[in-house]
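Written out below as structure tokens is the structure these notes cover.
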Amino acid sequence: MIKVGIVGGTGYTGVELLRLLAVHPDVQLTAITSRKEDGLPVADMYPSLRGRVNLAFSAPEKADLAACDVVFFATPHGVAMAQAPALLAAGVKVIDLAADFRIKDQATFEQWYKIAHTAPQLLEQAVYGLPELNRDAIKGASLIANPGCYPTTMQLGYYPLLKAGLIDATGLIADCKSGVSGAGRKAEIGILFSESSDNFKAYGVAGHRHTPETTAQLQRFTEQKVGLIFTPHLVPMIRGMHSTLYARLTKDIGNDELQALFEAQYRDAPFVDVMPFGSHPETRSTRGSNMLRLALHRPELDGVPGNTVIVLVVQDNLVKGASGQAVQCMNLMFGLEEGTGLQQIALLP
């Protein structure tokens, strides 16, 4: 059994990890930390876990994290970088769901996240945890930088097109929407029910910190200079993410060939569903599951396919966009089947 510790178990990604790992056949939950809730039974805070998780939260200094095989950090940015060096030195694998190790360039990280990076020596060691594009590296990793939710949709949507050299990488446009849980479990005016319900708005238009993460990863797959315009939006739902990705085709290719390209790329990816050409994937089709669904479109001009390809991508921002993806990485790191413990079917209605 894999002994698992979770640092920061009270937030949405933390409880999502608990939901998934509590029924994972190869996991033994060993420690769940929260300084504020020290001593409180986990099931008292999250009744959905009654009978499944019998541990209590413990303050970080009381938890024997070094006795774990792997520790997940479901914490604010900056926490993992402070604790990861000691855990790695003790032979514990680390999976960080925050952004501490997503960006290799220290100056870029500090510019966007406004905090000093206290473990820059680990930046090169960290492996970016997007299994569909980095599976082999994840298998041998000790430190995983779990991708952001928006970047997951953008990378999986653009990757086959960039890899095949079919699009102008300098003019990518990503119009993305997320449910309110993406902002985390906190009291903040903009995400209060009366503020976000029956409302729709963009944010981070002048610049969002997921942009440098996504650009750096996409740059690996093309010799062109990646130019990405990314606009996130907040939609009045709890879970779900929908990204509409635009790109200009630079080569003559038929719609059937485009579809075949994506199907071939993700044929062996258990959590990427390439839907029939022209489909309209819905966020509810992924709610509570680790599945990401995408579909291709190509607007016509006077009955002739134009040079714009549109990729629609949906996922649950807390599962494939966060905790499910982290468990997917853990499975690979410990030699398990990639989908172990992640076979939940989406909740509908």
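The values are calculated or read from the model by the stated rules, or taken from the named source; none is laboratory data. Since the structure is predicted, the reported quantities are computational estimates derived from the model, not experimental observations. We place every Cβ from the backbone using ideal geometry, glycine too, and count neighbours over all the protein chains shown. Remember, those area values only see protein heavy atoms, side chains included, never the ligands or the DNA or RNA. Shrake-Rupley method; radii C 1.70, N 1.55, O 1.52, S 1.80 Å.
Annotations for the structure displayed:
- Qualifying position, being in contact with a Gly (Cβ under 8 Å, 6 or more places away or on another chain), closer than 26 Å to Leu296 by Cα and either open to solvent by less than 30 Å² (accessible area, probe 1.4 Å) or free of Cβ contacts under 8 Å to residues at least 40 places away in the same chain (or both), among Cys176, Cys149: Cys149
- Within the range 63-91, residues that are touching a residue at least 40 places away in the same chain (Cβ under 8 Å) have Cβ atoms under 6 Å from residues that are open to solvent by less than 60 Å² (accessible area, probe 1.4 Å) and basic (Lys, Arg) in these pairs: Val70/Lys93, counting only partners at least 6 apart in sequence or on another chain.
- Output for the range 1-23, where each listed residue is surrounded by 20 or more Cβ atoms within 10 Å (Cβ to Cβ) and over 19 Å from the mean Cα position of the chain (by Cα): Val4, Gly5
- The set of residues in the range 86-107 that are farther than 18 Å from Thr33 by Cα and open to solvent by 40 Å² or more (accessible area, probe 1.4 Å) comprises Ala89, Ala90, Gly91, Lys104, Asp105, Gln106, Ala107.
- For Lys114, the conditions (1) open to solvent by less than 60 Å² (accessible area, probe 1.4 Å); (2) free of Cβ contacts under 8 Å to residues at least 24 places away in the same chain; (3) not small (Gly, Ala, Ser) all hold with the exception of (1).
Conditions tested, residue by residue: (1) part of a loop (DSSP other than H, G, I, E, B); (2) touching a strand residue (DSSP E or B) at 6+ places or on another chain (Cβ under 9 Å); (3) in contact (Cβ under 8 Å) with a residue 24 or more places away in the chain; (4) of a type in the set (Phe, Trp, Tyr).
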position	(1), (2), (3), (4)
Leu294	no, yes, yes, no
Val309	no, yes, yes, no
Lys320	no, yes, yes, no
Gln328	no, no, yes, no
Gly335	yes, no, yes, no
Glu338	yes, no, yes, no
Gly341	yes, yes, yes, no
Leu347	yes, no, yes, no
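- Enumeration of residues in the range 12-40 that are in contact (Cβ under 8 Å) with a residue 24 or more places away in the chain and either assigned to a strand (DSSP E or B) or over 23 Å from Gln343 (Cα atoms) (or both): Val27, Gln28, Leu29, Thr30, Ala31, Ile32, Thr33, Ser34, Arg35, Lys36, Glu37, Asp38
- Test: Val180 is more than 17 Å from Leu245 (Cβ to Cβ) and either touching a strand residue (DSSP E or B) at 6+ places or on another chain (Cβ under 6 Å) or acidic (Asp, Glu) (or both): no
- Flag if Thr283 is in contact with a Gly (Cβ under 6 Å, 6 or more places away or on another chain) and open to solvent by less than 40 Å² (accessible area, probe 1.4 Å): yes
- Residue check, Val313 in contact with a helix residue (DSSP H, G or I) (Cβ under 7 Å, 6 or more places away or on another chain) and β-branched (Val, Ile, Thr): yes
- Given (1) of a type in the set (Gly, Ala, Ser); (2) in a loop (DSSP other than H, G, I, E, B); (3) closer than 21 Å to Gly140 by Cα, index of the condition Gly9 fails: (3)
- Residue match in the range 31-50 (condition: under 20 Å from the mean Cα position of the chain (by Cα) and either within 25 Å of Ala183 (Cα to Cα) or open to solvent by less than 10 Å² (accessible area, probe 1.4 Å) (or both)): no
- Enumeration of residues in the range 179-224 that are open to solvent by less than 50 Å² (accessible area, probe 1.4 Å), among the aliphatic types (A, V, I, L, M) and either more than 26 Å from Pro76 (Cβ to Cβ) or touching a residue at least 60 places away in the same chain (Cβ under 8 Å) (or both): Leu218
- Checked against (1) under 21 Å from the mean Cα position of the chain (by Cα); (2) under 21 Å from Leu342 (Cα atoms); (3) exposed (fewer than 14 other Cβ atoms within 10 Å of the Cβ), Glu124 passes all but a single condition, namely (2).
- Test: residue in the range 122-143 that is in contact with a Gly (Cβ under 7 Å, 6 or more places away or on another chain) and either farther than 22 Å from Leu218 by Cβ or of a type in the set (Gly, Ala, Ser) (or both): no
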